[in-house]
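Every number in this text was worked out from the coordinates using simple rules, so none of it is lab data. Predicted, not measured: the structure shown is a model, and the values here were computed from it. Neighbour counts run over all protein chains shown; Cβ positions are idealised from the backbone, glycine included.
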Amino acid sequence: MAPSHLSVREMREDEKPLVLEMLKAGVKDTENRVALHALTRPPALLLLAAASSGLRFVLASFALALLLPVFLAVAAMKLGLRARWGSLPPPGGLGGPWVAVRGSGDVCGVLALAPGSSAGDGARVTRLSVSRWHRRRGVGRRLRREPMRGGRDTSEPGRGRGHQ
């Protein structure tokens, strides 16, 4: 799929279930990496060690005292990520969410924007997800670029990567 066969437009209401599924799939792909990264940082390791030491006095099993804090931390992190990243943010003043649509009408990516923290900041990306089958083809780049051009339908050919 060439990026020139993509159009970027605001999401229609009938596409909402598909877009939510795409966001949830994107979270599933990254939650293990995020959990591993967060739990191997020194502050997290210190908290896990302290919890494990405290549990050794309560529980009779050393292995259970060692593994229980890790399993609980991973479960809490995964549930938190799914709740926060696996849903659409409330609508802001920027329109959207924006979807990338193939020429055949299939939605293959989604982008949600929020206003910046101060007046001159512009917009910040709150959600960006591309369908697994369309990754590494310029869909995310196109999604980030097109809403900044004024929010019009951008289905003209020749506007993809390499045709600027």
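Please identify the trypsin sites (Lys or Arg not before Pro) of the range 10-43 that satisfy two criteria: DSSP loop assignment and at most 16 other Cβ atoms within 10 Å. Which are they? Don't skip to the end; give the middle numbers.
Working: sites: Arg12, Lys24, Lys28, Arg33; in loops: Arg12.
Answer in residue order: Arg12.
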Candidate lysines for bridging to Lys16, where Cα separation is under 21 Å - those fewer than 8 sequence places away on the same chain excluded: Lys24, Lys28
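How would you rank 44-52, 96-104, highest first, on the average number of other Cβ atoms within 10 Å across their residues? Display every interim value, and only then the final one.
On the way: 44-52: 13.8, 96-104: 18.9.
Packing order, densest peptide first, comes out as 96-104, 44-52.
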Kirkwood hydrodynamic radius over Cα pairs of the range 29-85, then Stokes diffusion coefficient at 20 °C and 1.002 mPa s, in µm²/s: 179 µm²/s
